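Where a number appears in this text, it was derived from the coordinates with a stated rule and is not lab data. This one's a predicted model, so the numbers in the text were calculated from it and none came from an experiment. Glycine gets a Cβ as well: all are built from the backbone with ideal geometry, and neighbour counts include every protein chain shown.
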Amino acid sequence: MRNIFAGRIGIIVVGAVIGVIAALLQYFGNPPNMGICVACFERDIAGALGLHRADVVQYLRPEIMGFVVGAFFAAILAGEYKPRGGSSPLIRFFLGIFAMIGALVFLGCPWRALLRLAGGDGNAILGILGLAFGIFIGVLFLKNGYSLGRSYAQRKASGWIFPALMVGLFLLLIFRVSFSPNGPIFFSVKGPGSMAAPVLISLIAGLGIGALAQRSRFCTMGAFRDVMLIKDFHLISGVAALLVFAFLTNLVLGQFHPGFEKQPVAHTSFVWNFLGMTLAGLAFVLAGGCPGRQLFLSGEGDMDAAIFALGMIVGAGFAHNFAMASSPAGPAAFGPAAVIAGLIFCLVIGFTQRDRASA
Amino acid sequence: MTAKRIDARGLSCPQPVVLVDKAIAAGDINLEVLVDNEVAKENVSRLAQKRGLKTIYRQEGLDIVVETSKD
């Protein structure tokens, strides 16, 4: 069966659809310039579960669950559901932690960086430049034989675990279980965590994007990486479509407000916007995908990608508990130190994880 | 001429592409690239075609072999 979404037109259509849906999710209630943000939404999930107690960012985001489950069903239908794992899971877990810390110093994953720019937030330019710089460093490692080793096929009956976790989270959202007085599940009553599109709309959007992205292999990190590594403009044409169509939809909906100051869920520290995303971009390359792509891969049965995603959720807990995540006021006390520690970790991994045979 | 065989099974994106690009740059045009998933097959093929090579596929057990050659 020919995969119509894997071609140039396919990736552009998918990027455009994601851009329009993201802007519409904002219109329906998601936080400004945050129609979809994989990092922020995983952070909200961590908060809802009580892994951190920042009371403005706690919600079980159905978009994330939809991404994984949508990709799961798309992969099964296409015969691409292949449980696999075993490629340096612990390293991937820590890459996930540091990727999240970097993203939360900037305040967004690459998807949100694009959506912030599409909403007029000039600070996103620094984030995107930082992202590109981090990816550039990662590409140098790739050219020198960087590898986390092979993954191996796992039993068919093991790839469902991560999708099932997502279904479980969705049930917790629907039934709003309270596990103890003043205990989890936490739902923000103020701040970005309290802003959400209706559950059904978010879920359907997530499922649709999950399926489309699985078929098209949409990846924001891969987009920049392929341009630098092999001058391939396939994926970046999808990313460009996302940016343009989110921008146009924002114009139509009156959601475009250009400037640097007072942008929603953003700060104006050029240096830490840049370096936060440098860390995130480098960690994404070393792990082989942007946060969204890692979720779609998890849906296909890639358990290494699922480990990375879990690392991001745990990393969000650390980021807020240990004063590393930024706020609109600017970087937090330990954010800069955490970014530097993360960069050192990623450089060590980049230099030491090499496959001689493939170099 | 025998084809150079590259085992790219189980490697994360984009390592299969990096291996193939290095081989092509080193002058190996006839390649047999062993991959175990559709994405790697698509990516390797796209690169080979970009480098002006022709690709054909065959199944080998559960794996896919992408063969590249000059027209």
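Could you tally the net charge around A:Ala213, taking each other residue with its Cβ under 14 Å from the Cβ of A:Ala213, Lys/Arg +1 and Asp/Glu -1? Result for the local shell: -1. Between the listed residues A:Leu243, A:Ile209, A:Ala338, the Cα displaced farthest toward the positive end of the dipole of the stretch A:202-353, a dipole computed from Cβ unit charges relative to the Cα centre, is found at A:Leu243.
Of all DSSP bridge pairs formed entirely within the stretch B:4-69, close to 75 percent run antiparallel. Figure legend: label point modelled 7 angstrom from the Cα of A:Val348 along Cα→Cβ; residues of the stretch A:94-127 with amide N under 20 Å from it are A:94-103.
Summing charges over all other residues whose Cβ lies under 15 Å from the Cβ of A:Gly292, with Lys and Arg as +1 and Asp and Glu as -1, gives +3. All Cα-Cα distances of the stretch A:209-353, cut into 5 Å bins from zero to the largest, leave 2, 8, 13, 17, 19, 19, 14, 6, 1, 0 percent in each bin in turn. Taking each residue as 0.36 nm, the span from A:Val177 to A:Lys156 lengthens on full extension beyond its C-alpha to C-alpha distance by 4.4 nm. For the protein assembly as shown, taking a cut-off of 4.7 Å between Cβ atoms, the unpaired cysteines are A:Cys109, A:Cys219, A:Cys290, A:Cys346, B:Cys13.
If the segment from A:Leu165 to A:Leu90 were pulled out straight at 0.36 nm per residue, it would be longer than the present Cα-Cα gap by 25.0 nm. Scanning residues 5 or more positions from A:Arg354 or on other chains, those with amide H under 5 Å from its amide H are A:Ser147, with H placed 1.01 Å from N in the peptide plane. Given R₀ = 22 Å, FRET efficiency for B:Thr2-B:Lys22 by Cβ-Cβ distance, to 0.05? It comes to 0.75.
For the protein assembly as shown, the share of DSSP beta bridges that are antiparallel, to the nearest 5, is 75%.
Taking only the Cα atoms of chain A, the ratio Rg/Rh comes out at 0.94, with Rh defined as the Kirkwood radius. In order along the stretch A:243-257, the Karplus-derived 3J(HN,Hα) couplings, from 6.51 cos²θ - 1.76 cosθ + 1.60 at θ = phi - 60°, round to 4, 5, 6, 5, 4, 5, 5, 4, 4, 4, 8, x, 9, 9, 9 Hz, and Gly and Pro are given as x. Cα-based values for the stretch A:48-135, radius of gyration first and Dmax second, are 16.4, 42 Å. Across all directions, the average projected area of the convex hull around the alpha carbons of the stretch A:117-191 is 10.3 nm². A P(r) calculated from all alpha carbon pairs of the stretch A:273-325, with 5 Å bins opening at zero, reads 5, 20, 25, 25, 16, 8, 2 percent. Taking 7 Å steps out from each Cα toward its Cβ at A:Leu251 and A:Ile4 produces label points 2.8 nm apart. This model, with +1 at the C-beta of Lys and Arg and -1 at the C-beta of Asp and Glu, gives the protein assembly as shown a dipole about its Cα centre of some 360 debye.
Altogether, the Stokes-Einstein calculation at 25 °C and 0.890 mPa s, with the Kirkwood radius of chain B over Cα pairs as Rh, returns a diffusion coefficient of 211 µm²/s.
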